There are 2 protein chains.
Amino acid sequence: MPAVTLQIEWNITMSDTSNPLKVGIAGLGTVGVGVIKILRDHADLLSQRVGRSIEVCAVSARSKGRDRGVDLTGFTWCDDATELASIGEVDIVVELIGGSDGPALALARETLKTGKSFITANKALIAVHGKELATLAEENNASLRFEAAVAGGIPILKSLAEGLAGNDVSGLYGILNGTCNYILTRMEREGLAFADVLADAQRLGYAEADPTFDIDGIDTAHKTAILAAIAFGMAPDMDSMPIEGIRNIAPVDIDYAQELGYRIKLLGLARRTADGVETRVIPAMVPLSASLANVMDATNAVVVDGDFSGPTVYVGAGAGEGPTASSVVADIIDVARGNVYPAFGVPAASLQNLPALPADKHSGTYYIRLRVNDQPGVMADITAALARESVSIESLIQRGTAPDEGVYIVMTTHQTVESSALSILKHFTALECVLETPTLIRIETF
Amino acid sequence: MPAVTLQIEWNITMSDTSNPLKVGIAGLGTVGVGVIKILRDHADLLSQRVGRSIEVCAVSARSKGRDRGVDLTGFTWCDDATELASIGEVDIVVELIGGSDGPALALARETLKTGKSFITANKALIAVHGKELATLAEENNASLRFEAAVAGGIPILKSLAEGLAGNDVSGLYGILNGTCNYILTRMEREGLAFADVLADAQRLGYAEADPTFDIDGIDTAHKTAILAAIAFGMAPDMDSMPIEGIRNIAPVDIDYAQELGYRIKLLGLARRTADGVETRVIPAMVPLSASLANVMDATNAVVVDGDFSGPTVYVGAGAGEGPTASSVVADIIDVARGNVYPAFGVPAASLQNLPALPADKHSGTYYIRLRVNDQPGVMADITAALARESVSIESLIQRGTAPDEGVYIVMTTHQTVESSALSILKHFTALECVLETPTLIRIETF
């Protein structure tokens, strides 16, 4: 294959060091306030590091009067965020509104069209409209950056797009949602049910009033789509990603995981296979010896497998005022220093539409838990079903009694294709001795 | 304090995308060969990512005839590495010779003087001559980069100088030498003495024939000096760094560490204190729950404490052909993309000479092990010595017999200043009941 080089000429120059770089911020929640604090508290440090001072000059939010603990005097106030794009002195617009469409998307389009750089912490926006916005950025010689959209304060996108840019990445695996990891950690430590921990997390402010995006894996999916896009040079693709959250994880599965040498984590994963790119969000059993297994509470972590670098791991706070603002400011600094390159590491026009691996073609090992009537012949029925699908078992535990009578039978399979594992599950469900829908959890050994 | 902004105008442009970027490589050991392999195997990928193709055009090494498993046809051969600097078509010189002075330093100076960019994996060169070379780079509009000098394939310098550039870093802590971590890991797992594991490591190629730089902490010190320079905006300072290696770590201390909830790791650490910057290399007891405690074998890891980001952790291979070459190529890509900024994150002229914290002013907790005659009054002598220095004890273990008679007494102190801990040690040594020089190991809880 001949080398196809798509060239972009960035016209942004570093010569204009006499004037401060002016930032407009849309959205003054905790992250927006954090950005203002960093730019204020570290003004001297940043002007040394950048060779130019960086100043907030305009802001937009819903309520002008609210006390946010930072002084907004001297900033131009915009009731409509989109106005930020048309303020002449604004060099960079920082979008912290959220949501894949609506005002965030409108602001992104307006900003990039005027050739200003656009920085966002909005994973939904980039996961859904990333290719369109990357194209717009290139057409207008603007920079589009979104470090804060994935894994909060961890510079994972920079590591992937720059630090590991010499590698062909075969896969990456991340704990990308702090709320889910916090819930799973407390379920394990305190032996509590999912619903109880969720209710408590909501009371403490660790989970949103509407927790769907977090616990059903959608937030993790947005971040996974962005990571996969940079790793593989493809457009972010939410449409072909199977997504499963942690609602159905039961304390008994957490206990069995531990007994089998695993811990359950909600993972976003992306890997190349011979049959297509597999991107997926699943609650998975991870060996206790794996780096990701020991990432607890609200901490995030990502493992990247590069062909030359080998695996590298990045761990840190996945959310919060300081960490997220730290990544937003890193993007601002990059733009100010003139470190510009295409949003997903390669020109938007050359982002590939890589075929997705269908979920049922996933090859892996599986944990299956059944609640059965404790009667003669049960094991014969189960093993017959396994034989019919040629699935072989690595380990099997039958012990004690389950609640509401019955006993648990827990097994882990050898490597098998997902369609077979799902067939097995159907056979099991149909057995008379099986008392409830069986539980299946994927095992990820990376 | 008014903002002091030192401005540098980089004249490097991104407009010259029509010609390939030409690289000259000095040193064709494993890393040099790795760089050639990446640039060859990923030529298409890299030209997409950079917008320009990257080609090796000249090489230099000691033996021209040696088979290195890569084709050198078409590369200009230089017997003298310094010649690479004067080859007109060379845009970037990659130095993989090693050593703080001699040909590596000569090549660095020549390259930067001609305005070509200089990329190196040479930690000794940068730790010793970093400020001079950074100045030379700026004076000549050239880029000086050395990602591969610290922690192999982990993009830690980029994370620090770019990804965390919005933060004031209060401290960083790293396992930076794979050989030492490998030796400590095997001592623990196999219960072997230091000398035995070292001999075996040398036989297996995990340790050099002359292992001094590694096991006595000098390699870790070079890397720590570089990390501190970027984190704190100071010139790399090897002169005021206390350095201690792992030669004196005994299996019995590894056992006691575990009993007390710690693991012994050779750490490079750098932190700001009220009395100066503390940079230091020490074998330290680290809580088993800390991220660094679980970094085993030859793996490297760095924890960075940013004031807004919170702690972030970076883990990966610290050496080897692929990982080190991956970081060298990341630097080449940065230069090719035009991502240029001062070598240590701020202009060389503004690198501070921060006062160093004298070693005996370190404040921390300590592990002390004594071998004593098992006779009446021993404990009274010991506690009297502690009282004299007002050092209080957190835990104390006296149990069993030590080899060659005597018993071990092991204690950990509460927070105390190092001068007091060292005085205690002197008192202990002078006691008649104490049979050998006491062992002191610092405890680091970060």
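The values are calculated or read from the model by the stated rules, or taken from the named source; none is laboratory data. Keep in mind that this is a model prediction, so the values were computed, not measured. A quick note on method: Cβ atoms are made from the backbone with ideal geometry, for glycine too, and the neighbour counts reach across all protein chains shown.
When B:L125, B:L172 are checked against the criterion of being part of a helix (DSSP H, G or I) and either crowded, with 24+ Cβ neighbours inside 10 Å or not basic (K, R) (or both), a single residue qualifies: B:L125.
A:I249: closer than 20 Å to A:A349 by Cα and touching a residue at least 40 places away in the same chain (Cβ under 8 Å), yes or no? The answer is no for A:I249. Among the residues of region A:61-83, is any at pLDDT 95 or above, polar (S, T, N, Q) and out of contact with any Cys (no Cβ under 7 Å at 6 or more places or on another chain)? Yes, because at least one residue in region A:61-83 is at pLDDT 95 or above, polar (S, T, N, Q) and out of contact with any Cys (no Cβ under 7 Å at 6 or more places or on another chain). Would you check if A:V35 is assigned to a helix (DSSP H, G or I), surrounded by 20 or more Cβ atoms within 10 Å (Cβ to Cβ) and assigned by TED's automatic domain parsing to the domain that holds A:D331? Yes, satisfied.
Checking each residue in region B:341-386 for being surrounded by 14 or more Cβ atoms within 10 Å (Cβ to Cβ), within 14 Å of chain A (Cβ to nearest Cβ) and assigned to a helix (DSSP H, G or I) picks out B:A348, B:S350. The strands (runs of 3 or more DSSP E) found wholly in region A:267-340 and carrying at least 1 residues that are touching a residue at least 12 places away in the same chain (Cβ under 8 Å) and more than 8 Å from chain B (Cβ to nearest Cβ) occupy A:276-287, A:299-306.
The residue that is surrounded by the most Cβ atoms within 10 Å (Cβ to Cβ), counting only those in region A:144-168 that are touching a helix residue (DSSP H, G or I) at 6+ places or on another chain (Cβ under 7 Å), at the interface with another protein chain (Cβ under 10 Å from one of its Cβ atoms) and not in a loop (DSSP other than H, G, I, E, B), is A:G163.
Might you check whether a residue that is touching an Asp or Glu at 6+ places or on another chain (Cβ under 7 Å), of a type in the set (K, R) and either at pLDDT below 95 or farther than 23 Å from B:D214 by Cα (or both) occurs anywhere in region B:352-362? Checked region B:352-362: at least one residue is touching an Asp or Glu at 6+ places or on another chain (Cβ under 7 Å), of a type in the set (K, R) and either at pLDDT below 95 or farther than 23 Å from B:D214 by Cα (or both).
Could you please give the count of residues in region A:403-421 that are assigned to a helix (DSSP H, G or I) and either of a type outside the set (G, A, S) or farther than 12 Å from A:I368 by Cα (or both)?
Of the residues in region A:403-421, the ones assigned to a helix (DSSP H, G or I) are A:418-421.
With either of a type outside the set (G, A, S) or farther than 12 Å from A:I368 by Cα (or both) added as a condition, the list becomes A:418-420.
Qualifying residue count, region A:403-421: 3.
In region B:166-182 there is at least one residue matching the filter, namely being more than 24 Å from B:E444 (Cα to Cα) and assigned by TED's automatic domain parsing to the domain that holds B:R280.
When you look at B:L46, is it of a type in the set (A, V, I, L, M, F, W, C) and closer than 25 Å to A:F232 by Cα, yes or no? Criteria met by B:L46. Selection of region A:172-209 for residues being in contact (Cβ under 8 Å) with a residue 12 or more places away in the chain, over 30 Å from A:G306 (Cα atoms) and not charged (D, E, K, R) yields A:I183, A:M187, A:G191, A:L192, A:A193, A:F194, A:V197, A:L198, A:A201, A:Y206, A:A207. If we scan region A:422-432, do we find a residue that is assigned to a loop (DSSP other than H, G, I, E, B), surrounded by fewer than 19 Cβ atoms within 10 Å (Cβ to Cβ) and polar (S, T, N, Q)? Within region A:422-432, not a single residue is assigned to a loop (DSSP other than H, G, I, E, B), surrounded by fewer than 19 Cβ atoms within 10 Å (Cβ to Cβ) and polar (S, T, N, Q).
Just checking, which of A:R40, A:R52, A:R109 is part of a loop (DSSP other than H, G, I, E, B) and either surrounded by 20 or more Cβ atoms within 10 Å (Cβ to Cβ) or not polar (S, T, N, Q) (or both)? The match here is A:R52. The residue list A:D67, A:D71, A:D79 contains one member that is within 24 Å of B:G166 (Cβ to Cβ), loosely packed, with under 15 Cβ neighbours inside 10 Å and free of Cβ contacts under 8 Å to residues at least 24 places away in the same chain, which is A:D71. Only one of the numbered conditions (1) in contact with a Phe, Trp or Tyr (Cβ under 7 Å, 6 or more places away or on another chain); (2) surrounded by 24 or more Cβ atoms within 10 Å (Cβ to Cβ); (3) outside any loop (DSSP other than H, G, I, E, B) is not met by B:Y182, and that is (2).
As a summary of the residue check, B:A201 satisfies the conditions (1) part of a helix (DSSP H, G or I); (2) modelled with pLDDT of 95 or more; (3) in contact with a helix residue (DSSP H, G or I) (Cβ under 8 Å, 6 or more places away or on another chain) except for the one numbered (2). Residue selection: A:N248 fails the criterion of being among the polar types (S, T, N, Q) and within 14 Å of chain B (Cβ to nearest Cβ).
On the basis of being outside the structural domain of A:L84 (by TED's automatic domain parsing) and surrounded by 24 or more Cβ atoms within 10 Å (Cβ to Cβ), does A:L192 make the cut? Working first, answer last.
Details: outside the structural domain of A:L84 (by TED's automatic domain parsing): yes; surrounded by 24 or more Cβ atoms within 10 Å (Cβ to Cβ): no.
So A:L192 fails the test.
Just to be sure, is B:L46 within 11 Å of another protein chain (Cβ to nearest Cβ) and not in a loop (DSSP other than H, G, I, E, B)? Taking the combined requirement at face value, the residue satisfies it.
If you check A:Y206 against the conditions, is it at pLDDT below 95 and surrounded by fewer than 24 Cβ atoms within 10 Å (Cβ to Cβ)? It is true that A:Y206 is at pLDDT below 95 and surrounded by fewer than 24 Cβ atoms within 10 Å (Cβ to Cβ).
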